[in-house]
Amino acid sequence: MKKAFTLIELLIVMTVIAILAGILIPSFRSYQQEAWNTKAEADISGLQLAVESFIRAHDNRFPEGLEELITSTPRYIQQLPRDPYRTSGVFYGYTLLTKKPGNETFYIIYSNGPDHVRNWSWDATKGMVTFDKNSDDKVISNAIFE
């Protein structure tokens with residue numbers, strides 16, 4: 001007599017595997033989201049350090065873009081980190097803004113977060129970054145945050 005698995009036994013094993021997968025996959029997604037948050041915060045902090053070093057070394061001149069941190073002499077970073085929330089390999093955002101009156105310059109380095117929508121705005125009269133409710137953006141700047 002041949003020994004083999006019956007159809008019922010195979011279905012039970014497949015059901016158990018499906019249940020385990022259903023339990024484990026959501027927990028892996030939360031770990032992935034946490035890793036993306038940590039990476040974005042670390043990348044943006046590193047970019048801020050490079051921008052501040054550039055400003056000090058170039059007589060208070062701000063870089064026009066993050067690419068200038070790679071092309072200038074000395075080189076401040078080896079390559080631009082990619083925003084973990086963007087599957088298309090987009091780099092982090094960098095914007096130069098001014099405060100009125102006085103035209104004081106500020107920089108903002110940011111990631112729009114998992115929703116890919118910019119949830120912050122610039123108040124040029126106060127020189128302040130303001131966030132929308134429930135903002136998931138990662139932002140660092142030499143400006144004031146509200």
| said: Yes or no: region 24-40 includes at least one residue that is in contact with a strand residue (DSSP E or B) (Cβ under 6 Å, 6 or more places away or on another chain) and either among the charged types (D, E, K, R) or surrounded by 13 or more Cβ atoms within 10 Å (Cβ to Cβ) (or both). | reply: yes
| said: Tell me whether region 76-95 contains one or more residues that are over 27 Å from Gln33 (Cα atoms), surrounded by 14 or more Cβ atoms within 10 Å (Cβ to Cβ) and of a type outside the set (Lys, Arg). | reply: yes
| note | Checked Phe106, Phe131, Phe54 against criteria (among the hydrophobic types (A, V, I, L, M, F, W, C) and closer than 27 Å to Gln33 by Cα); the one match is Phe131
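Conditions tested, residue by residue: (1) part of a helix (DSSP H, G or I); (2) closer than 24 Å to Glu104 by Cβ.
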| position | (1), (2) |
| --- | --- |
| Phe5 | no, no |
| Val16 | yes, no |
| Trp36 | yes, no |
| Arg56 | yes, yes |
| Pro74 | no, no |
| Ile77 | no, no |
| Can you spot a residue in region 81-100 that is among the β-branched types (Val, Ile, Thr) and in contact (Cβ under 8 Å) with a residue 12 or more places away in the chain? | yes
| task | Only residues that are closer than 23 Å to Leu80 by Cα, crowded, with 16+ Cβ neighbours inside 10 Å, without any contact (Cβ under 8 Å) to a residue 60 or more places away in the chain and β-branched (Val, Ile, Thr): list them for region 106-138, please. | result | Ile108
| message | From the list Ser141, Ser72, exactly one residue is touching a residue at least 12 places away in the same chain (Cβ under 8 Å), polar (S, T, N, Q) and buried (at least 17 other Cβ atoms within 10 Å of the Cβ). Which is it? | response | Ser141
| task | Please state which of the following conditions Asn60 fails to meet, knowing it meets all the rest: (1) of a type outside the set (Ser, Thr, Tyr); (2) surrounded by 10 or more Cβ atoms within 10 Å (Cβ to Cβ); (3) part of a loop (DSSP other than H, G, I, E, B). | result | (2)
| message | Going through Val51, Val13 one at a time, which residue ends up being farther than 18 Å from Ser141 by Cα and either over 21 Å from the mean Cα position of the chain (by Cα) or not polar (S, T, N, Q) (or both)? | response | Val13
| remark: If you go through Val129, Val117, Val139, the only one that is farther than 24 Å from Ile55 by Cα and among the β-branched types (Val, Ile, Thr) is Val117
| task | Check whether at least one residue in region 110-117 is farther than 13 Å from Lys138 by Cβ and at pLDDT 90 or above, and report yes or no. | result | no
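The values are calculated or read from the model by the stated rules, or taken from the named source; none is laboratory data. Computed from a predicted structure; not experimentally measured. FYI the Cβ positions are ideal-geometry reconstructions off the backbone, even for glycines, and counts take in every protein chain you see.
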